[in-house]
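K.L.:
My questions will all concern the structure given below.
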Amino acid sequence: MPDTPINAREPWWSIKLAPAVSWREIGVFLVVVVIANCLSHFQQLMLPYIMNAQLEIPAAEQGKLSGALATAQQLAVLLFVGFAGGLADRIGRRRILLIAFTGFALCMFAFPLAASVLALFVIRFVFGIFQTGHTTGGATRMVADYPAEASRGKFISLMLVVQAMAVALFVGIIGARVPGWLASSGYDAKESGQIAYVLAGVIMLAAVLFGKLFLSKDRSIDRTEAAKPEDGKQGTLRNFAEVWKYAKVNPRFGFVMLIGMVIRTDSSIVGAFLALWVVNAAKAQGVDAASATATAGLLLSILSVASFVTPPLFGLLADRVNRIVLLLIGVALTGTAFTSALLVQDVMGWGIFVTVSLIGLAEGAQTIAAQSVFGQEVPPHMRGSAMGIFAAMGTASVLLVTIVGGFMFDTVSYAAPFALTGGLHFICLFFALVLVFRKGRAMFAPTPSAA
């Protein structure tokens with residue numbers, strides 16, 4: 001039985017929004033958030049320019065430095081995402097979103113000024129702090145505030161597909177070529193990278209101004225149970241206590257918070273180890289680096305395309321079947337897909353293409369299912385805090401899995417980090433099933449709309 005009744009005469013493609021929300025508002029939100037998402041990917045894309053042309057880091061040290069910088073950024077997210085979630089509930093998600101994106105722009109202006117590795121670490125750490133505002137402000141609006149309960153799954157899948165396509169176009173196709181276009185105009189490599197960063201910062205500031213003018217203010221919600229705006233530390237701790245208390249009385253909410261421990265590990269493992277696995281294994285097979293890198297790029301493209309396929313399908317299912325069941329299926333599929341990496345014998349053969357396709361399909365299914373349950377179960381007054389804790393749990397897992405996965409990659413096998421992620425999903429699935437059997441019908445009872 002679906003969690004929310006659906007009008008049988010309503011077309012399957014119809015998407016209903018929450019009361020007083022218009023598609024014009026959704027369009028404004030997408031413009032601002034898509035630019036911020038592109039900026040986040042762009043700063044990762046441009047890191048080689050900083051290391052090579054600006055700081056002249058030896059090639060043998062760039063891999064370790066890149067990993068350490070990513071860790072620093074994730075550490076900032078872990079340390080500050082809870083605070084950002086509580087702050088979003090107190091000052092409003094629109095305000096914290098615009099503050100975060102202003103910080104993104106300032107970091108873009110700071111990157112060309114980095115004269116040392118230490119400065120680069122500081123900038124990435126600060127970028128991570130502002131990223132928490134993006135997570136608690138933007139993601140919460142998309143998941144919880146904008147869609148009507150009956151269309152939550154379809155709405156989230158549409159937003160994910162639009163954002164993913166935008167990143168592929170504006171970062172993968174256009175952004176990646178900006179330094180080359182500048183170089184062909186007479187700028188050297190260092191100047192090209194610096195100008196590209198400045199242009200990105202200007203675009204982000206323009207998006208912030210656009211959002212300031214046209215992004216709607218937060219809607220009035222029932223804050224009778226929310227943390228009062230006393231001093232920041234007490235208010236934040238009260239929000240956390242409120243979220244955990246609610247998780248104890250609502251097993252479905254507790255379930256999705258449990259899933260938060262593994263839901264971000266899959267993308268981190270893919271980003272850190274897929275290309276490295278392909279290049280290193282292909283080299284051992286006698287394949288030249290150029291061919292191996294081309295194969296790795298093709299695999300990443302296949303993964304991205306595959307991740308577009310399941311959000312629309314699972315979005316439709318999320319509005320018609322029980323979302324707890326759908327999330328259990330998503331976790332099981334993700335665990336199976338990652339564990340199948342152990343079966344790959346030849347990174348230039350068809351087997352790895354099947355595995356990567358399965359990973360992309362499973363990731364898309366798990367993401368849309370988890371976000372649908374989250375938006376369904378979280379009361380409006382604690383959405384920022386709940387999203388903050390959900391993201392913090394995921395970030396902590398990312399830090400641990402990346403460290404352990406790197407050790408296993410070097411000492412066990414190239415596929416070991418993927419198997420580790422699959423195993424963690426199965427462990428999480430086991431505890432989730434235990435929760436389901438313990439709580440029984442309470443896990444599947446229809447939930448009143450949180451919107």
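K.L.:
Please go through the range 341-350 and give me each residue that is open to solvent by 20 Å² or more (accessible area, probe 1.4 Å) and part of a helix (DSSP H, G or I), ordered by number.
P.N.:
L342, L343, W350
K.L.:
Still on this structure, I have one more. Could you list, in sequence order, the residues of the range 411-436 that are assigned to a loop (DSSP other than H, G, I, E, B), within 18 Å of S267 (Cα to Cα) and not aromatic (F, W, Y)?
P.N.:
Matches in the range 411-436: A415 only.
K.L.:
Now a separate question. Would you check if there is a residue in the range 408-417 being under 21 Å from M261 (Cβ atoms), more than 18 Å from the chain's Cα centre (by Cα) and of a type in the set (F, W, Y)? Don't jump to the end; show me each part of the working.
P.N.:
If we filter the range 408-417 for residues that are under 21 Å from M261 (Cβ atoms), which is where we start, we get 408, 416-417.
From the residues that got through so far, the ones that are more than 18 Å from the chain's Cα centre (by Cα) too are 408, 416-417.
Okay, now just the ones that are also of a type in the set (F, W, Y), so none.
No, there is no match, as no residue in the range 408-417 is under 21 Å from M261 (Cβ atoms), more than 18 Å from the chain's Cα centre (by Cα) and of a type in the set (F, W, Y).
K.L.:
Also: Quick one: R320 ticks every box in (1) touching a residue at least 12 places away in the same chain (Cβ under 8 Å); (2) outside any loop (DSSP other than H, G, I, E, B) bar one, so which box is it?
P.N.:
Among (1) touching a residue at least 12 places away in the same chain (Cβ under 8 Å); (2) outside any loop (DSSP other than H, G, I, E, B), the lone unmet condition for R320 is (2).
K.L.:
Residues to consider are S340, S372; find the one that is at pLDDT 80 or above and polar (S, T, N, Q).
P.N.:
Working: S372 fails: at pLDDT 80 or above.
Step by step, each of S340, S372 is checked, and only S340 is at pLDDT 80 or above and polar (S, T, N, Q).
K.L.:
Among what's in the range 241-251 and is outside any loop (DSSP other than H, G, I, E, B), closer than 17 Å to A432 by Cα and open to solvent by less than 30 Å² (accessible area, probe 1.4 Å), pick the residue that is modelled with the highest pLDDT.
P.N.:
P251
K.L.:
Any idea which of L45, L65, L69, L55 is within 18 Å of V198 (Cα to Cα) and modelled with pLDDT under 80?
P.N.:
L45
K.L.:
Given the residues A139, A166, which is the only one that is open to solvent by less than 40 Å² (accessible area, probe 1.4 Å), under 14 Å from V33 (Cβ atoms) and at pLDDT 75 or above?
P.N.:
A166
K.L.:
Since V331 meets every condition but one in (1) open to solvent by 30 Å² or more (accessible area, probe 1.4 Å); (2) in contact with a Cys (Cβ under 8 Å, 6 or more places away or on another chain), which condition does it not meet?
P.N.:
For V331, the failing item is (1).
K.L.:
Moving on to the next point. As an exercise: evaluate F104 against (1) open to solvent by 20 Å² or more (accessible area, probe 1.4 Å); (2) of a type outside the set (K, R); (3) touching a Leu at 6+ places or on another chain (Cβ under 9 Å) and give the number of the one condition it does not meet.
P.N.:
It is condition (1) that F104 fails.
K.L.:
While we're on this one: Could you please find all residues in the range 258-277 being surrounded by fewer than 21 Cβ atoms within 10 Å (Cβ to Cβ) and part of a helix (DSSP H, G or I)?
P.N.:
The answer is L258, S267, G271, A272, A275, L276.
K.L.:
Same structure, new question: Do you know which residues across the range 220-240 are at pLDDT 60 or above and open to solvent by 60 Å² or more (accessible area, probe 1.4 Å)? Reasoning before the result, please.
P.N.:
As a first pass, look at the range 220-240 and keep what is at pLDDT 60 or above: 237-240.
Of everything in the range 220-240, those that are at pLDDT 60 or above and open to solvent by 60 Å² or more (accessible area, probe 1.4 Å) turn out to be L237, R238.
The values are calculated or read from the model by the stated rules, or taken from the named source; none is laboratory data. Worth saying up front: this structure is predicted, and the values here are computed from it rather than measured. Methodologically, a virtual Cβ is constructed for each residue, glycine included, from the backbone with ideal geometry; neighbour enumeration extends over all protein chains shown. Areas reflect the complete protein model, heavy atoms only, side chains present, ligands, DNA and RNA absent. Shrake-Rupley method; radii C 1.70, N 1.55, O 1.52, S 1.80 Å.
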